[in-house]
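The values are calculated or read from the model by the stated rules, or taken from the named source; none is laboratory data. No experiment lies behind these values; they were computed from the predicted model shown. All Cβ positions, glycine included, derive from the backbone under ideal geometry; neighbour counts span all protein chains shown. Protein only, heavy atoms only, side chains kept; ligands, DNA and RNA dropped before computing areas. Shrake-Rupley method; radii C 1.70, N 1.55, O 1.52, S 1.80 Å.
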Amino acid sequence: MVVRAKEELVAAGEGSPDSERKCDSNVVSPSLSMSALESDSPDVHGGSKARWICFVLAWLSYAGLTALRKPLGVGKKPLASDLKLGKTQLGFLDMSFLLPYAVVQVTVGSQADKVQPYLVLFLSLLVSSLSMLTFGSWSSLYPLAFLLFIAGSAQAFGWPACVKLISGWFPGRASSNVFGFFGTCTSIGGVGGTMIAVYLLQWSWRSSFYPQALVVLALSFAVFFFLPAPPPDSTSAKESSSSSSALSSSMSDASSVSTLKLMRIQCVAELCCANFLIKMVRYAFFMWLPLYLSEEVRMDAGYYIQSVFPGLNLEIETI
């Protein structure tokens, strides 16, 4: 098709060298087209092995962080019964985790763009795991709240660091599909963390924090030693597509724009409000649904999981 179009244009210009040069400037070279497509191929930036190692470690890391939050909601009733806590005090524990998580992620979560993202993710996993590993050793409200404050602040850096890592290895059109798969880590990690916590509640609420914390601790060292560094930003200059260059430059300009200016972009404020409401409902269910089912509906924690996975045998007595 390219050769035929070139011949027709040359014939229309009576085969003059000027018209042929004009034709060459208007026809896309096959090699140029292939180089533009190769920017999204699996072998770009050092091969597919490094990028998929990055994806797997980032996926496991955020799934682990999600699982680490689940024992706080599942173990509310035995926690309140053991430490003689009321619902107001349980809500204070929730706020000790969720408030720093939200504030830190909005205000300083973008530091993953300025610091090495693998280092940010490593510290996020390490601090979160250590704080929750010692959570079950305390029996007073304020030390528990302090540990949750540390865990929430540390986990706030997890998502921005993972996004920075994956976007560096999967640029262009590949990022849409990859982030779609990456989003499954929250659901799978949440279900896995809930199942582990529910199973361990038959011994004590304290033991339900240990497995997830140990897994996240192991993942922190895996990230530090095995996570490949993302390719340098200078590689984007090798892309011959002018649209890709314009997109990368606009994204770099957007990183320096203030939050207020970003909120003025069309639909950004509406999407933020929608996501805020979704998160509000999600964390209300996540933190309080097990306690509600236990007290009002008289369902134990095992039934809470069996309603999703009927084949599991998780019989835990209601405390």
Cα gyration tensor shape of the range 159-211, rounded if a/c is under 1.5, else prolate or oblate by comparing a/b with b/c: prolate
Counting only protein heavy atoms and a 1.4 Å probe, tell me what percentage of the range 48-173's accessible area is made up of carbon and sulfur. 71 percent
If I ignore ligands, DNA and RNA and count only protein heavy atoms, how much of Met132 is accessible to a 1.4 Å probe, in Å² to the nearest 10? 10 Å²
Excluding Leu85 itself, calculate the net charge of residues whose Cβ lies under 11 Å from the Cβ of Leu85, where each Lys or Arg counts +1 and each Asp or Glu counts -1. +3
Over 25 Å between Cα atoms: which of Lys49/Lys279; Lys49/Lys164; Lys164/Lys279; Lys84/Lys279 fall into that group? Lys49/Lys279; Lys84/Lys279
SASA check, Phe149, accessible area w/ 1.4 Å probe, all protein chains in place, rounded to nearest 10 Å², comes out at 100 Å²
Show the residues, 5+ positions off or on another chain, whose built amide H is closer than 5 Å to the amide H of Ala229. none
